[in-house]
Every structure is written in C-alpha cells, then in structure tokens.
Amino acid sequence: MTPGIHHYLVVSALLFSLGLFGVLARRNLIVIYMSLELMLNAANLTLVAFSRFNENLNGQVMVFFIITVAAAEVAVGLALIVALYRKRRTADVDDLTSLRF
Amino acid sequence: MSPVTLLILLPFVGILAILLTPSKYAFAWRLWAQLFSGLAALASLFVFFGFHPGAAGYQMVQRLEWNSELGLAFHVGVDGLNVGLLLATALVGFAAVWVSDEIEKYTKLFYVLLLTMIGGALGAFASLDLFFVYFFNEFALLPTFLMIGIWGRGDQKNFATFQITLYLSLGALVALVGLVCLYALSGANTLDVLVLGAWLKEHPLPAGLQTLIFGLLLFGFGTLVGLFPFHSWAPLGYGVAPTATAMMHAGILKKVGLFVLLRGAFPLLPLGVQNWTGVLAVLCLGNLLYCGWVAMRQKDLNLLLGNSSLAHMGFVFLALASTTVIGITGAVLVMVAHAFLAALEFALSGYLYRRTGTLEMLMLGGAFRQMPFIGAALIAALMAGCGVPGFANFAGELTVMFGVWSVMPWHVVIAAWGGLVIGGIYMLRAIRKVAHGEVGKVLEGKPDVVGLARVPYVVLLLALVFFGVAPGVLVDRIRPSAERVVSLATAGASKTGAAGHASVLNPTSAPAH
Amino acid sequence: MDPISHTAVASSNAQDLAWVVLLFPLISAASIPLGVGRSRALTHAMAIGAVATGFVLSVSLFLLFGFTKGGIHATPLPWLSVGGLKLQIGLTVDTLSTLMLMVVTGISTLVHVFSTRYMDGDRDYPRYFASLGLFTFSMLGIVLSDNLVQTFIFWELVGVTSYLLVGFWHEKPSAADAAKKAFLTNRIGDFGFILGIILVWSAAGTVQFTDLAAKFHTDPRLLGGLTSLAGVLIFLGAMGKSAQVPLHVWLPDAMEGPTPVSALIHAATMVAAGVYMLCRVFFLLDLPAAWPGFLATLGGPSALGIIAWVGGITSLLAGLIAIQQNDIKRILAYSTLSQLGYMVMAVGCAGPDAAMFHLTTHACFKALLFLGAGSVIAGCHHEQDIWQMGGLWKRMPTTSICFAIGTAALCGLPIVTSGFYSKDAIFASALAADRPVLFAVGVLVAGLTTLYMARLYLVAFLGEPRSESAGHAHESGTPMTLPLVILALPSVTLGWLPIGSFLKEMSFGGGHPHYPDSITDILFDPFNHSPLGAVLGLGLIVFGGFVAVSLYWNATVDPLPKTLGWVSTALRSRLFFDAIFDRVVVPIHDAIAALFGLIDRWLLQGLVVRGGSGAVDLVGRGLRLVQTGNIQTYGFLFVIGVAVLVILALK
Amino acid sequence: MPVLTDLLFYAFAGLALLFGLLCVANPFSRNPITSAMFLVLTIVSLAGLFILLHAFFLAAVQVLVYAGAVMVLFLFVIMLLDLRQSEERQIRILTIGTGALAVAAIAGILIRAVIAAKPLASSPGLAGETKALGRLLFTQYLLPFEVMSLLLLVGMVGVILLSKKETE
C-alpha cells in the first residue's frame, strides 16, 4: 500500500508517545531531555508530511525554525543541568523536589 | 507637558537610573534615589505653589488617550483635594528615601521598590481616571508587602505580612468589584471622573445600585484606610515594617483610599452617600474611641503609633459622614497633616529601633537626654499627635469638629473626648516612657542624629508647623473642591434629614453657613 | 483680600506694637536653639531683653489705649476661612488686656532675672530660657486674643509650654509625672472649652469677642436652651487652667518644676488665664439661666451661680488643705488655689472687676512669695520642708523682709497691703450679688489664709534653725534679691489704685464707677465702701494670726496632727482628691482600654485573621499531599488532564 | 519505482520506531550513552523519511544539526557529568505503569483522530525544492529568520553565563 499521510501521522503519533513515555518514566534528567527531543522530532515529521501533502512549503519553514530553536533550547537546558548538577551532585529527578511547598 | 506628569515620571526615571547602575557603583543607588525623590519634592512644591487658590475646577491637566475602546485615558490634574496630598507624598517620599540608610541588604531592590511606592502614590493622587487611581495604588501597594516581608523586623514579621497582605488584597478586591460595577453599570464606558460625572448627571443610576456600589467602595477603600472594624492589620503591619515603608504607607498610601472616596464615590453616587453616612457615622466612633483606647493599652511604641494613626483617621471618616463643606475641608486638612505626622512618627521610632533594637517602651526612656534632637522631635511629633496647636493636625481636627457640629453634635463630643483626652493620655504616656525619665539601658551611649541626617526630620517638622501656623494656605486651595464635592454629594437630598439631626441638641438650629 | 498689603498699610498704627510684644518672646525663644544658646550670657540677655521690651511697650500701650472705652484692635491676620467658619489671629488692645499685659510681661521679666541665678549651673540653661520665652509668648497670645478660637489655640500652647517647664527636670520621675498630670487634667477642661466654643459659634456664627458681645447684647436668648450649658462648658476650660475643684489636682504636683517657673506659671500667669478668660467672655456667662430639656423644668442654676460655687468650694478646700502641708512650695500652691477660688467666685458673683483686681495684686505678691521661696530653697541647699528650716531671718534678711511683705499682702493686712483692697472688693461683690453663704466662706478663708501663712512664716523664718542646711543658709545675690525687692513695692501699693472701679467703667460697663478722691478716702476706701466685709475680714485675720502664733511660736513639731487626729490626716492626704483620680478615673479608662485591647488581640486578630488563616491553612495542608515535588508526577497529571480535556472536546 | 519508495518508507518508519523505543526504554541497558546513540539512529531514520517526503534540505539539516551538533552536545554533557552509575536504581513499576497509562491514552487519542480524519488527496505534487524554501525564508520569513539568529545569540550568552564556574 502506498504510504499516504495517514501512515506518516501514525508513525509520528507513535514516536511522540514513545517520547512522552520516556519523559514520564525515565529518571535521568538527560534521558528525559532526549525523550523531549524525540517528541519534537515527531512533531517535525507531522509538519513535513502536511507540507508535502498540502503542497505548501510553510510547514518546512516551520520545521526549520523548530530545529533552530531546539538547538538553542538544548544548549540552555543542558547548561542548566550542568549548573544543577554542580550544586546538587545529581541528575535524578527523584532527588530534585525542593520546589515542594 | 503638565508639571504633574513630570512629577509622576520623576521617581520612575530614578528607578531606571538605579537599574542601569551596576553593583560596582552601589553607592550611587542611594544617591539616585535621593536625587530623584528630591527633584520630585521640588516639583511638588512647584505644583503646590503654582496652583491658583480659590479657582474651581482642575488645573495643570493633561490627558493622553490610552485605550479609547475601553474608555481609558491617562488623565492627570490637580484640584484642592489632591494638591496638598501630592506635596505630602513627594516630601514624605523624599524623607523616606533619606532615612533609608539603615537598609543593608538588597539595597538596589529596596530603593527601586521605594521609588515605585512614591511614583505609584503620586500617580494615584494625580489621576482623574479612577482606573488609573486604582492601578497606581496597586502599583504602590505591592512593594509594601515585599518590603515588609524582606526587610521587616521582629518575630511577628510573618504574621504581620500575612495579615496586611490579606486585608489589603481583600479590600482592594472589594473596591475593584465596586469600580467594575460602576464602569459596567453606568453605561458611560469610562471611569474618567469628569466624563463619568457629566454622564451620571444626565443618566443617574438607580438608588439601589448607587447604594450597592457606594457600599463596595466604602468598605473596600475603607479597609485600605483602616476603617473600624477592618483595622487590625495596621498597627502590627507598621510595627514590623522597615522605617521607610511604614512612613510611606501610614503617611501616604492610607490616604489613597480616603482620596478615592472623595474623588469618586462621593461626587458620583449621591444617593449612595446619603444611604451610607449613618453607618459611617457609627463606624468612625470605633476609630475615634476604640482605637484610642487600644492605643492606651500598647506597650510597644510602634503599635501605639499605629493605633493612634487609626484614631486620627476617625476624624476623616467623621467628616465624610457629615458631608459638610467645613467638615470635608477639615478632612482633607487632616489627611495632609497626618501624612506628615505619621511619617515623622515612624521615622523617629525607626531611628530608635535602629539604635536600640527594641521599641518596648519600658526599656526605652530618657531619649530626650541621650538624643536631644530625636527626643525633642519625638516630643513635638507626639504632641502634634494629640492635637496641639501650631501643628497642622490641630487645624484639621478643629475644622472637622466645627464642620460636623451642625449635623452630628454628639459625635463631636465623642471626637473631642477621643482626640483631646484619650489622645492626650496615650501620647503623654509615650513621651513619659520614651523621652522622659532616666536614660534606659538600651539607649546608653547611643548616638543622636547629626548633620545632614537630620534633614528628613526637619523637613517633616517644618511642613507640620507651616501648615499648623498657616493652614489658610492649604484651606484656600481645598475650599472650592470641597464645595464641589459636597454640592454633588448632597444633590437631591432632602435637607430635613440633616436639620432633624441637628435639633437633637440644638433647638435653635441655626448653623452658620 | 491681600493680608500683606493690609498689614503694611496699618503698620503705622500704634496698636500694632502689640504684635511686637507678642512676637518678641517667640523670636528670642526660637533663636536660642538656632545658635544663640551656645552662649549663656547671650541667651539670658536675649530672653530678658525680649520680655523687658515687652513690658515697656505694654506700659506704653496701656497709657495709649487703656483709657479708651472698648479698646482698639491691631491688624488681624487671616488664619483659616471656609464656609461660615472664619478664623483669624487678631489682637485686642483695651484696658483689660493691657493691664494683664503689664502683669504678665512685668512678672515674666522679674522671673527671667531671678532665673539667671537660680538656674545658674543647670546644663539645660538655654532650654530653660527658650521654654520660658515660649510660655510667655503663649500667655501673651491669650491675653491679646480677640476671639475664642485664638484663645483656645494659645490656651493649648500655654498647656504645652507649662508641660515643658514643669517637666523641665524630665529625668526626675516625679517631675515628668507631674508635667503629664498637669497637661492631662487641663485637657479635660479644654474638652469642655472647645465644645463650648463650637456651641457658641454654631448659634452666633462668629467667634470674635466684639461681634459676640454685640450679638448677645441685642439677643440674650440667642443660644436658647443651651445658654447656661455653653457658659458651664467654657467655664470647664477655666476650671482646668485655673485649677478649680475637682480639676485642681495638677497644681500642687506641678511644684516639681523649677521654683521661678512656679512663680511665673502658678502665681501670675497660667492659672490666672482662666480667670482672665472668664472676664473676657463675661457677657456670655452673665446671661439669664436656660437649660435644655428636662433640666429646664428642674430650674437649673445660672452659669454664674455654678461658677461662684465652684470658686467658693475651691477656696475653702484649698485653704483647709494648706494648713497641714509641710513643703513650702506646696503651701504656696494650695494658697494659690484658694486665692484663685476667690477670683472665680468673684466672677461668679458678677464681679469680674473685683476678680481682675485681685488677680493683679495676687500676681505681684504671689510671685513675690514664690520667688522668696525660691530664694529660701536655693539658700538652704534645696531643702523644702519648713520643719527643716527656722531662723532664716538672721541669715537671709532681705528675703525674710520681702517674704513678710508678701505674707502680709496675701493675708490682706489692712491699709498697708494691696491684698486687703482687692480681697475686700471680692467680699463686696459677693454681698452685692446677694450670696451671703459665699460671703461667709470668703471671710472664713481669709482667716484660714492668715493661719497657714503665719504658720509658714513662723516656722520657716523665725525660731531657731532646725537643720544643718538651715543653719548654713545664705542670700544668693542681687539677681535673686532684686526681683523680690521690686515685687514688694507693688505688693504694698497696688491696692491704692482704683483698678477695680476703672476696669468696671472701661470693660464691664459698670454704671457708676466710684473713685476715691482724697488720701484718707483711698486708704480707708473699703471701710467706707463695704464696711461689713472689711471689718469681718480684719477680725478673722486677727483671729487667724492669733491661733497661728499660739500654736507655732517657737514650735519644733506641728501640734495639729495630735489634736485634730483624722481631720489632719485627711488634710495631709489633700482630702483624697488625688487618690480618687488615681483609683477611680484612671482605672476606668485603663479597664476599657484593657477590654478593647483584648478584643483587638483575640477577636479581631485572633479569631478573624488567625481563624481565617487557619481554615485556609487546613485546606492547603490537604492539597499539599498532591504536591510531591516530583516533576514526573506533575507531568503524568498534566497528560491525563490533557487527555480528558481532549476527549471531552472531541465528543 | 513507487514500490521502492513504499518499501523505504516502511523500513525507515520501522527503524525510527524501533530505535526510538530502544532510546527511551532499552531493556538491556539504562546507560544514557546507549540512549543517546539510539536517538542518533532515530534521527537519521527520520531524515530518511524527510527525504521520502522530498524535504531534502531539512533532511540534511536534521542530520547536520541534530545528529551532529545536538547529540554531540548531549554526549559531551553525559561524559562531563559521568552519569553511568546513577541509573542503577530499581525500576519502579508504578512509574512505568502510570507512564504507560498516560502514553496509551495520548497515543489512543492521536491514532483515533488520524484514522477518523478524512484522507487528503494523496497526490503529492510539490517538489521539495531547496531553492523555493530558501526564497521563502529570505522574503516572507525574513524577520523571524533574523530574530532566530538573535535567539541563538541570547542562548549562547545564557549558556556561557549558566555554565561559568561561580567565582567566590
């Protein structure tokens, strides 16, 4: 069967779910962060697919921007993790609960 | 640009200057604050003495359309009601900045917040659009909470912060509901008092609605002032607040609530006024007597001062309840006078606390011997607080009593007792314990203020004495506005009510005006 | 309406010199903390110069305007004006005020001079003279005032400045307490005073004395049923300042202040202010009795009647208490109370002229006595108990002679003292007002006066020294003795002037003033004019003197406590007035304060605020369980929330 | 030819999902480095899918930026922090369970929505021209493009500030 937009969307949904699972279940901050990237990629796939099937390049532009923002975000996020690790000697979310009231 | 706009802008420019100064030049933060609050004080003097006394209407008006769809405009101007308060705000703000050299941590944040308070209060008094009055008031109130929370003192700090935040936020909320009702129900699509006033003259609200809105405004803003029985936040709040905050809040911000009532509620909602003055007349006795008696009970100087300032507010509420020209004029006079007085009192108690670490009156004593300047200023301030002539408070309270007599003679009797006798008792007890007597242990060897550090105290004292010796300067400015407010607030009232009231004690009933 | 140009135009008028008299002491007082105080010599030179100039100007003002009926008004300054309330600061220059002006500035000058020696060595010397100047300024403000509100303003200022002076040695707890008590007791009187002023204003629409007098002249029933109430309320103010029972308790305590201060405040000026004020507003008090509501049906007394009785009772009680006091200043204090009672009684008996006459003479000899007491105290190294003195006439001859003259004047020794004439005028007015009981009281008090003053003189000045300090007593030099000598002169001669009759003609509209025309006529005027009072008074003076001599000649202890028993105890305890104030009046206020304090603390702050916060806190604690702080839990809840919302939205 | 691209789609999609699964929930290793390596593979597979969708430029960027720069950064941080042993804790059934539940819910919703949607006309006509994309970026999207460069600058400054050693 020729893969239509449905196929791409299903793949994207599954990837998104995988990423979400990683965010919710993994405890290592860095792995959680990678899972987030996975979710972003899933979204990118959706956009590219729609761009293709709607014959409109705007989706691709959006993806381009997403990739750029994601790069910046990763840098800042990782810097935060490094700073946090310096202070707390851990990158495990179970240990990072000091914002609790 | 109107000088009033300039006056409001100056503190904010100061904030900008402080924010742009890096911590390497930390000494400059205080200098900036002093400079810009001083400029604001000069500008306010210019506004006050540039104001044409005796002329009705608003002067130095400026209007900038902000959002015509919502009917919001930055609209400032001065009339008799706010010209004195603007002067008081700028001068007290200047003094508050000057006494703040006690602050040691987060000085940058402190001066930014303090200038925010000053600018907010100036904006609230100058605005002719009730939305902006409210907006600026909130702008000035928020730093209060932060400052008490961060730089507050004593072991009751947290409870006091909590209480003051709770009361003031709730009060502001109720007042906001009132303002929103006024905005939504009047149909004028604006809160600009000029436009709204003209509109409501043509399309008055039904009596029920006026009563409802006036009640919301009265209790909302009343809470901000410390109207009995919504007053208990004040003494404790001032007890723990850093000096400058207590000065600004007790002196200035408290007056905003009263000011809004005079600016908005009274002229716009005459039927509401007439339905609520009875209640207000009863509640003001709570301030006059109850708070006075509570003040007698206090062992801590700041708690005593806080309660006494509530008692002074009783005179203003009494005058509002009477709605007579003389009474309202006196009320504004009391507001201005008390602004200087409260600021002076808290500045002095703040200095004592800074040197001794306590305001427990039993521990102090002999301040007049140990610190002649502070002691003398304290005696003068407390004397002014119990209505001694020569200070502005006396002129105001006297005018209020004269004004209210024709409407509520018995209230005047109680006010006189509260002001002269009860006020005398607690103020003199405070002098006896703090200034007189042998030098207390905590005071021994503690230095007096010298040199330029005396400036804020001298400024406030001079202002008190100036308006005490020549209250006419202020009264001539207030009078036309008071007449306008009263004529609007009593519009359509049957005069029988007031006359019947007067006949209780005065059968001849020939009030002379 | 430009006040400045008005003043400029009018400044050529001589009556505007009154402004100079008023403002000079203020200027000198203000200059002292601003730098003059650095030099002691400059300080007292400035202060004395200001009041002495004031005295000279007062005399010239009296000579210029004292003989004009109705007086002249200096250019007023507007103070405050709104609606029907027009207040201004104006000065009245008439016989009454210029007479009082001379008394105040004259005695103030002498007290200033006396103080240069008495206060020498005090570290707060400049503050003393600054306070004295302020006080003089305030007092002159009352004297010159031309309206009720101005009187009240300076009335209060007098209260404050006397507070500063009585509490001058503020580190001494007793002095600080006395100052507080004086101020608060006065405040109760002021409470009535201000209400009276407002009451009068609300009916008449003005507070100017001249306007009021005119209005009440045309319509005596202007105040309707409140006429007498207004009078009594205003009198309440005078009761505070002039220390009438029961508001007299502050005066004896106020002796804690420096002695020259007592001479100025508690003899000549502040306490006289009440009497002076009553004379000023006499037209208000002299209205037919009228009370509101049910009081009218009871037929209440007139305001004057109440005033007369309060005065009489005060003079009697104070005279009695004075008999059993041992502190030289306290004896004089109670004697002052007693004499003030006389004056108030005279006002109540429709004799303001007699009251002012006695006020004038009393000011001189009581100042003399207080300054004499100051000289004694300074000479005896701050010993104040008369039983620790004795034999002072040998060591302090000038003081003793002057004190004797003062004592004689106070007792009212005929012909040779001024007290005789003024006292007799009071007796005459009591008789003329048809108040025989008060007349009897007055005469009896004259006897009491002789008794306690003779006791004082016999015990303190005659006999042998009874203590070390009395043995080493000495005169303190010219600055202290000179004022005594100067004051002794008018104490003797002032009575020969027809002050009462003159005032009656000029200020109180008396129909037929009576001026004696020959020297014998002058000297024996009382015997001609009101023989009953003069003769009875003389008799009681002799009797009182006789009792005193028989009891206290060469006595070393007071024999009265033994013979009188509980009466003496009661007198020593000042008839329990202070106890009543301390145990009843103060505790009532304190109890109410305590109750309200508890309400504030437990009900408002406790139940409402803490209760409210408690409820919120409980809910918060419940919700807190949800807050694990674990980001993944939040994420889970978020995702579930999104899922639920989407499902709901898609439906 | 269509058959080949179809096959390629299934291959890349399958690989992406497999590697994704191994990245987030590798049953054999909980080492973050392993996860990172599998994420690289996932991203490369996605780049393959992008090519199938004629988004050639994006595929290149995906490989260059993501697989190249970003993942290197990840590895760098992992090694810098030396996190290997921290993952040695017990797996918590509760966490896995709740996670799975949430994921199942979201996945269910998404897939249901996809299936329920009306299919688009499956005639992909537009060629993924890099030239056209570039024209678009430098005309219509010029401002966002420039803003993006600012964002990167700010991010860079922020990162330097955050990771700078605190000087005490």
Which of the residues belonging to segment B:150-186 are part of a helix (DSSP H, G or I), more than 14 Å from chain C (Cβ to nearest Cβ) and under 19 Å from B:G226 (Cβ atoms)?
B:A172, B:L173, B:V174, B:A175, B:L176, B:G178
Evaluate segment D:117-126: report whether one residue or more is more than 8 Å from chain A (Cβ to nearest Cβ) and modelled with pLDDT of 80 or more.
no
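For segment D:1-105, which fully contained helices (runs of 4 or more DSSP H) count at least 3 residues that are more than 7 Å from chain A (Cβ to nearest Cβ), at pLDDT 85 or above and closer than 19 Å to A:V74 by Cα? Please lay out each step first, then the result.
Details: elements: D:2-24, D:32-52, D:56-61, D:71-81.
Once the helices (runs of 4 or more DSSP H) in segment D:1-105 are filtered for at least 3 residues that are more than 7 Å from chain A (Cβ to nearest Cβ), at pLDDT 85 or above and closer than 19 Å to A:V74 by Cα, what remains is D:32-52, D:71-81.
In segment C:192-210, how many residues are more than 7 Å from chain B (Cβ to nearest Cβ) and farther than 11 Å from B:A416 by Cβ?
Residues flagged as more than 7 Å from chain B (Cβ to nearest Cβ) and farther than 11 Å from B:A416 by Cβ within segment C:192-210 amount to 8.
Select from segment C:64-94 the residues that are hydroxyl-bearing (S, T, Y) and surrounded by fewer than 24 Cβ atoms within 10 Å (Cβ to Cβ) and write down the one among them that is farthest from C:L22 (Cα to Cα). Walk me through how you get there before you give the answer.
Filtering segment C:64-94 for residues hydroxyl-bearing (S, T, Y) gives C:68, C:75, C:81, C:92.
Then keep just the ones that are surrounded by fewer than 24 Cβ atoms within 10 Å (Cβ to Cβ); that gives C:68, C:75, C:81.
Details: C:T68: 21, C:T75: 13, C:S81: 23 Å.
Selected residue: C:S81.
Among the residues of segment A:55-68, count how many are facing another protein chain (nearest Cβ under 7 Å) and part of a helix (DSSP H, G or I). It would help to see each step written out before you state the result.
Residues of segment A:55-68 that are facing another protein chain (nearest Cβ under 7 Å), as a first pass: A:55, A:57, A:60-61, A:63-65, A:67-68.
So of that shortlist, the ones also part of a helix (DSSP H, G or I) come out as A:60-61, A:63-65, A:67-68.
Looking only at that region, the number is 7.
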Members of segment B:373-406 found to be more than 7 Å from chain C (Cβ to nearest Cβ) and free of Cβ contacts under 8 Å to residues at least 60 places away in the same chain, listed by number
B:A376, B:L378, B:I379, B:L382, B:C386, B:G387
Exactly one of C:G225, C:G167 is of a type in the set (G, A, S), surrounded by fewer than 24 Cβ atoms within 10 Å (Cβ to Cβ) and facing another protein chain (nearest Cβ under 8 Å), and that one is C:G225
May I ask you to list the residues in segment B:166-182 that are buried (at least 19 other Cβ atoms within 10 Å of the Cβ) and among the hydroxyl-bearing types (S, T, Y)?
B:Y167
Exactly one of these conditions fails for C:R221: (1) in contact with an Asp or Glu (Cβ under 6 Å, 6 or more places away or on another chain); (2) modelled with pLDDT under 85; (3) of a type in the set (D, E, K, R). Give me its number.
(1)
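One line per residue, one yes/no per condition, for (1) within 13 Å of chain C (Cβ to nearest Cβ); (2) free of Cβ contacts under 8 Å to residues at least 60 places away in the same chain; (3) under 13 Å from the mean Cα position of the chain (by Cα); (4) crowded, with 24+ Cβ neighbours inside 10 Å:
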site	(1), (2), (3), (4)
B:F315	no, no, yes, yes
B:L320	no, no, no, yes
B:I328	yes, no, no, yes
B:A331	yes, no, yes, yes
B:F340	no, no, yes, yes
B:L348	no, no, no, yes
B:Y351	no, no, no, yes
B:T356	no, no, no, no
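Condition check ((1) facing chain D (nearest Cβ under 7 Å); (2) crowded, with 20+ Cβ neighbours inside 10 Å; (3) modelled with pLDDT under 90; (4) on the phi > 0 side of the Ramachandran plot) across all residues:
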residue: A:G4; (1), (2), (3), (4): yes, no, yes, no
residue: A:S17; (1), (2), (3), (4): yes, yes, no, no
residue: A:G22; (1), (2), (3), (4): yes, yes, yes, no
residue: A:A25; (1), (2), (3), (4): yes, yes, yes, no
residue: A:M34; (1), (2), (3), (4): yes, yes, no, no
Exclusive hit being modelled with pLDDT of 85 or more, touching a helix residue (DSSP H, G or I) at 6+ places or on another chain (Cβ under 9 Å) and crowded, with 24+ Cβ neighbours inside 10 Å, set B:L280, B:L258, B:L285:
B:L258
What pairs come up if the first residue lies in segment C:300-312 and is closer than 13 Å to C:S228 by Cβ, the second is part of a loop (DSSP other than H, G, I, E, B) and small (G, A, S), and their beta carbons are under 7 Å apart, counting only those six or more places apart or on different chains?
C:G300/C:A289; C:P301/C:A289; C:S302/C:A289; C:L304/C:A350
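Taking the stated definitions as given, is D:T167 over 30 Å from A:G4 (Cα atoms), at pLDDT below 85 and β-branched (V, I, T)? Quick ask: steps written out before the conclusion?
Details: over 30 Å from A:G4 (Cα atoms): yes; at pLDDT below 85: yes; β-branched (V, I, T): yes.
Taking the combined requirement at face value, the residue satisfies it.
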Just checking, how many residues over segment B:420-447 are more than 9 Å from chain C (Cβ to nearest Cβ) and over 22 Å from B:L362 (Cβ atoms)?
1
Can you say whether A:L40 is facing chain D (nearest Cβ under 7 Å), part of a helix (DSSP H, G or I) and surrounded by fewer than 23 Cβ atoms within 10 Å (Cβ to Cβ), as far as the supplied structure shows?
no
C:D517 is checked against (1) free of Cβ contacts under 8 Å to residues at least 40 places away in the same chain; (2) closer than 30 Å to C:L560 by Cα and fails just one. What number does that condition carry?
(2)
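Is it the case that A:A83 is at the interface with another protein chain (Cβ under 7 Å from one of its Cβ atoms), of a type in the set (A, V, I, L, M, F, W, C) and surrounded by 24 or more Cβ atoms within 10 Å (Cβ to Cβ)?
Working: at the interface with another protein chain (Cβ under 7 Å from one of its Cβ atoms): yes; of a type in the set (A, V, I, L, M, F, W, C): yes; surrounded by 24 or more Cβ atoms within 10 Å (Cβ to Cβ): no.
No.
Is it true that D:L46 is in contact (Cβ under 8 Å) with a residue 24 or more places away in the chain and either surrounded by fewer than 22 Cβ atoms within 10 Å (Cβ to Cβ) or not aliphatic (A, V, I, L, M) (or both)?
No, not satisfied.
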Can you run down the residue pairs with Cβ atoms below 6 Å, 6 or more apart or on separate chains, where the first is in segment C:357-377 and touching a residue at least 24 places away in the same chain (Cβ under 8 Å) and of a type in the set (S, T, Y) and the partner is assigned to a helix (DSSP H, G or I) and surrounded by fewer than 24 Cβ atoms within 10 Å (Cβ to Cβ)?
C:T361/C:L494
Residue hits (segment C:91-133; within 16 Å of C:M480 (Cα to Cα), within 21 Å of the chain's Cα centre (by Cα) and either of a type in the set (V, I, T) or not in a helix (DSSP H, G or I) (or both)) are C:I107, C:T109, C:V111
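Report yes if C:I265 is more than 30 Å from C:T116 (Cβ to Cβ), buried (at least 22 other Cβ atoms within 10 Å of the Cβ) and either within 14 Å of chain B (Cβ to nearest Cβ) or modelled with pLDDT of 85 or more (or both), otherwise no. Explain how you work it out, then say what you get.
Numbers: more than 30 Å from C:T116 (Cβ to Cβ): no; buried (at least 22 other Cβ atoms within 10 Å of the Cβ): yes; either within 14 Å of chain B (Cβ to nearest Cβ) or modelled with pLDDT of 85 or more (or both): yes.
So C:I265 fails the test.
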State yes or no: is B:A55 crowded, with 17+ Cβ neighbours inside 10 Å, touching a residue at least 40 places away in the same chain (Cβ under 8 Å) and not basic (K, R)?
no
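The values are calculated or read from the model by the stated rules, or taken from the named source; none is laboratory data. What you are looking at is a predicted structure, and each value in this text was computed from that prediction instead of being measured. Heads up, the Cβs are rebuilt from the backbone with ideal geometry, glycines too, and the neighbour counts pull from every protein chain shown.
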